[in-house]
Amino acid sequence: MSEAVSALNGAIFQGFVTVEEVGLQGMITLRGDFGSARLSSAVKAATGLLPPSQRKINAQDDKAVAWMSPDELLILSPYDEAGSIAAKLAQALSAEHCLVQNVSDARAMFRLTGAPGTVREVLAKMAPVDLSPQAFVPGEFRRTRLAQVAGAIWFEDTTTAQVICFRSVAEYVFKLLCASAEEGGEVGFFT
């Protein structure tokens, strides 16, 4: 049996913002009726977290639940726990009309770290999102475009952001983030 590897094997870039591939990350897509008490209970039992409200992410320790659309959540967990969490959700929701899919190997995740405002600046160069500190605060989650591809972003705090994309475009997104974070490319709009 082959060993799982991340899309870019932990690639890292140091510019005015540090860009690093997070490595193997558990990710589960859950589609269903958010009005269902059973769905909410199943998510809480499997992750310890409740489903978030629209465009939010609930995170604690090594797990998170993100709002992706009116009927879709993205559950983040340690890579080696994603299979068992997906199985628990599927079992708990077997009487519901829903979809539970472990998508860990189909996605890539990056962490951006830098001085306050600089991470927003890197993302603002490629994503059509209002990234001002007033409009996009930690705990909010956005699906968007990263130049030519789909992605999702959120801020852990004022100096750290996470980016998710499809694994098939991970190298493109990494190079895009690196080019945006290149020393000398600072704009200073958010600082």
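From the list Val19, Val5, Val43, which residue is crowded, with 18+ Cβ neighbours inside 10 Å, farther than 22 Å from Ala95 by Cβ and β-branched (Val, Ile, Thr)?
Values: Val5 fails: crowded, with 18+ Cβ neighbours inside 10 Å; Val43 fails: farther than 22 Å from Ala95 by Cβ.
Answer to the check: Val19.
Of all helices (runs of 4 or more DSSP H) completely enclosed by the stretch 72-191, which ones contain at least 1 residues that are of a type in the set (Asp, Glu)?
Working: elements: 82-92, 118-124, 170-180.
Once the helices (runs of 4 or more DSSP H) in the stretch 72-191 are filtered for at least 1 residues that are of a type in the set (Asp, Glu), what remains is 118-124, 170-180.
Residues Glu171, Glu186, Glu140: which one is farther than 25 Å from Gln54 by Cβ, touching a Phe, Trp or Tyr at 6+ places or on another chain (Cβ under 8 Å) and charged (D, E, K, R)? Before you say what the answer is, go through the steps one by one.
Numbers: Glu171 fails: touching a Phe, Trp or Tyr at 6+ places or on another chain (Cβ under 8 Å); Glu140 fails: farther than 25 Å from Gln54 by Cβ.
Testing whether each residue is farther than 25 Å from Gln54 by Cβ, touching a Phe, Trp or Tyr at 6+ places or on another chain (Cβ under 8 Å) and charged (D, E, K, R) leaves just Glu186.
Based on what the data block shows, is Ala90 surrounded by fewer than 21 Cβ atoms within 10 Å (Cβ to Cβ) and closer than 26 Å to Lys175 by Cα? Talk me through it step by step, then tell me what you get.
Working: surrounded by fewer than 21 Cβ atoms within 10 Å (Cβ to Cβ): yes; closer than 26 Å to Lys175 by Cα: no.
Criteria not met by Ala90.
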On the given criteria, is Thr29 surrounded by fewer than 22 Cβ atoms within 10 Å (Cβ to Cβ), of a type in the set (Val, Ile, Thr) and under 19 Å from the mean Cα position of the chain (by Cα)?
-> yes
Mind listing whichever residues of the stretch 135-161 are within 11 Å of the chain's Cα centre (by Cα) and either aromatic (Phe, Trp, Tyr) or buried (at least 22 other Cβ atoms within 10 Å of the Cβ) (or both)?
-> Phe141, Gly151, Ile153, Trp154, Phe155, Ala161
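Test Ala90 against the stated conditions and say whether it is farther than 25 Å from Glu140 by Cβ and touching a strand residue (DSSP E or B) at 6+ places or on another chain (Cβ under 9 Å). Before you say what the answer is, go through the steps one by one.
Values: farther than 25 Å from Glu140 by Cβ: yes; touching a strand residue (DSSP E or B) at 6+ places or on another chain (Cβ under 9 Å): yes.
Taking the combined requirement at face value, the residue satisfies it.
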Can you name the number of the only condition in (1) farther than 20 Å from Ala7 by Cα; (2) assigned by TED's automatic domain parsing to the domain that holds Gln54 that Gln101 fails?
-> (1)
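With the condition kept exactly as written, say whether any residue in the stretch 84-93 is outside the structural domain of Glu140 (by TED's automatic domain parsing) and closer than 24 Å to Thr144 by Cα. Let's see the steps before the verdict.
Residues of the stretch 84-93 that are outside the structural domain of Glu140 (by TED's automatic domain parsing), as a first pass: 84-93.
Still in the list and also closer than 24 Å to Thr144 by Cα: none.
Within the stretch 84-93 (the criterion being outside the structural domain of Glu140 (by TED's automatic domain parsing) and closer than 24 Å to Thr144 by Cα), the answer is no, since none of the residues qualifies.
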Only one of these conditions is not met by Ser40: (1) in the same structural domain as Val122 (by TED's automatic domain parsing); (2) free of Cβ contacts under 8 Å to residues at least 40 places away in the same chain; (3) among the polar types (S, T, N, Q). Which number is it?
-> (1)
Would you check if Ile12 is closer than 27 Å to Thr113 by Cβ and within 12 Å of the chain's Cα centre (by Cα)?
-> no
Starting from the stretch 114-125, keep only residues that are in contact (Cβ under 8 Å) with a residue 12 or more places away in the chain, then list their pairs with residues that are of a type in the set (A, V, I, L, M) and in a helix (DSSP H, G or I) whose Cβ atoms are within a distance under 9 Å, requiring at least 6 positions of separation or different chains.
-> Gly114/Val122; Val122/Leu177; Leu123/Leu177; Lys125/Leu176; Lys125/Ala179
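The values are calculated or read from the model by the stated rules, or taken from the named source; none is laboratory data. Everything numeric in this text was worked out from a predicted model, so none of it was measured. All Cβ positions, even for glycine, are placed from backbone atoms using ideal geometry, and neighbour counts span all protein chains on display.
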